[in-house]
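The values are calculated or read from the model by the stated rules, or taken from the named source; none is laboratory data. Quick caveat: nothing in here was measured; it's all calculated off a predicted structure. Glycine gets a Cβ as well: all are built from the backbone with ideal geometry, and neighbour counts include every protein chain shown.
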Amino acid sequence: MIFVATSGCTWRQLPPVFGPAWPTVYRRFAQWSRARVWARLHRVVLDELGARGDLDWSRCAIDSVSVRAAKEATDRTESDRPR
């Protein structure tokens, strides 16, 4: 899962050397996402780094993947949609 997220490859391109077939890995990723495993893991890592004093909040950023688009930005008519 981490390899796919960091390399930019598709699930189908997941190298077989990692073990399970890509459908299994994707299914687990989807299940863990629904169960908010990634959010909880992120929180645990932040808490651990914070407890050690290893976080520098003066250098943080929010990218477009982290921020939900406004509804107005997603409402397009059929003729406005790219083909």
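If you go through the range 53-71 one residue at a time, do you hit one that is modelled with pLDDT under 95, among the acidic types (Asp, Glu) and part of a helix (DSSP H, G or I)?
No, every residue in the range 53-71 fails to be modelled with pLDDT under 95, among the acidic types (Asp, Glu) and part of a helix (DSSP H, G or I).
Which residue is farthest from the chain's Cα centre (by Cα), if the candidates are limited to the range 1-28 and must be among the aliphatic types (A, V, I, L, M) and assigned to a helix (DSSP H, G or I)?
Residue satisfying both the conditions and the ranking: Val17.
Check Trp32, Trp38, Trp11 and return the single one that is in contact with a helix residue (DSSP H, G or I) (Cβ under 6 Å, 6 or more places away or on another chain), at pLDDT 90 or above and not hydroxyl-bearing (Ser, Thr, Tyr).
Answer to the check: Trp11.
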